[in-house]
Amino acid sequence: TEIAVKMEANGKAKYTTGTRDIHFRDWCVTSNDVLQWIGCWMYMLAFHQPGGRRVYFQEKVFGPKHDLKKWLKAGSPGGDRGIEWFEKMHACFELPTYGKADDPFDKTRKWWNCLRGAFHAAVVCSWCMCVDESMIKWLGRGMPGFMVVARKPTPKGLELHTLCCGLCGLLLWFEVWE
């Protein structure tokens with residue numbers, strides 16, 4: 001909800017200041033919009049396609065059919081959820097922070113804490129837990145805590161210490177290695 005409020009404010013600011021971008025005149029973002037937008041990102045990460053983001057919103061005659069526009073319409077009847085919507089959401093995205101300038105992870109720490117709380121509330125663990133390490137892949141831009149762990153399948157990025165359910169494999173808790 002906090003991300004939705006921030007994204008809506010950022011979009012409305014694009015209309016009221018500067019270039020007065022008319023695409024954001026009636027801009028409204030709900031928490032459901034944010035979840036759908038994040039779901040698009042997760043889908044794109046899971047099913048890589050050459051050609052950029054627009055490929056996922058196009059109807060295809062042959063090959064894999066990744067028409068996100070079709071599936072987003074099912075989740076938002078009456079709403080136009082195409083590449084334009086996705087890019088407007090992207091243009092307004094900003095994570096809420098704690099406002100601590102001396103913390104190199106300030107831009108993501110509040111997000112991590114919210115994710116951990118959501119995972120903890122959503123999953124009831126079995127009697128068996130597994131402690132492990134995971135890497136968040138580096139995408140070529142700034143990443144506080146960047147490291148190289150040669151033994152990992154994704155050797156460059158940010159290391160997480162994780163706790164998962166030993167039976168189903170669901171992530172229960174994570175901690176960023178600092």
| request: Only loop residues by DSSP count here, and only those with at most 12 other Cβ atoms within 10 Å; note down the chymotrypsin sites (Phe, Trp or Tyr not before Pro) in the range 34-133 that meet that. | output: Phe47, Phe62, Tyr98, Trp127
| query | What does the charge dipole of the range 109-178 about its Cα centre add up to, to the nearest 20 debye, if the Cβ of each Lys and Arg holds +1 and the Cβ of each Asp and Glu holds -1? | reply | 300
| For the range 122-161, what does the alpha-carbon gyration tensor say about shape, rounded, prolate or oblate, given a ≥ b ≥ c as the root eigenvalues, a/c under 1.5 as rounded, and a/b over b/c as prolate? | prolate
| Heavy-atom accessible area per residue - the chain, 1.4 Å, Å² | 66
| If you place +1 on the Cβ of every Lys and Arg and -1 on the Cβ of every Asp and Glu, how big does the dipole about the Cα centre of the chain come out, in debye to the nearest 20? | 540
| query | When only Cα pairs under 8 Å and 6 or more residues apart are kept, what is the percent relative contact order across the chain? | reply | 15
| query | So, with a 1.4 angstrom probe, what is the percent of accessible area on the range 58-178 that is carbon and sulfur? | reply | 61
| field | Estimated 222 nm signal from helices in the chain, with DSSP H stretches of n ≥ 4 weighted -39500 (n - 2.57), rounded to 500 | value | -12000 deg cm²/dmol
| task | Kindly flag which residue pairs out of Lys73/Lys110; Lys88/Lys156; Lys88/Lys110; Lys73/Lys107 have an alpha-carbon separation exceeding 26 Å in this structure. | result | Lys73/Lys110; Lys88/Lys156; Lys73/Lys107
| Which residues make up the longest stretch of the chain that has no trypsin sites (Lys or Arg not before Pro) in a DSSP loop with at most 11 other Cβ atoms within 10 Å? | 101-140
| In the calculated pair distance distribution of the range 29-178, what percentage of Cα-Cα distances lie above 26 Å? | 42
| query | For the charge dipole of the range 86-136, defined by +1 on Lys and Arg C-beta atoms and -1 on Asp and Glu C-beta atoms about the Cα centroid, which residue among Thr108, Ala121, Val131 has the Cα displaced farthest towards the positive pole? | reply | Ala121
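The values are calculated or read from the model by the stated rules, or taken from the named source; none is laboratory data. The structure displayed is predicted, hence computed values, not measured ones. Cβ sites come from the backbone with ideal geometry, for glycine too, and all protein chains shown count toward neighbours. Side chains included, ligands, DNA and RNA excluded: accessible areas come from the protein's heavy atoms. Shrake-Rupley method; radii C 1.70, N 1.55, O 1.52, S 1.80 Å.
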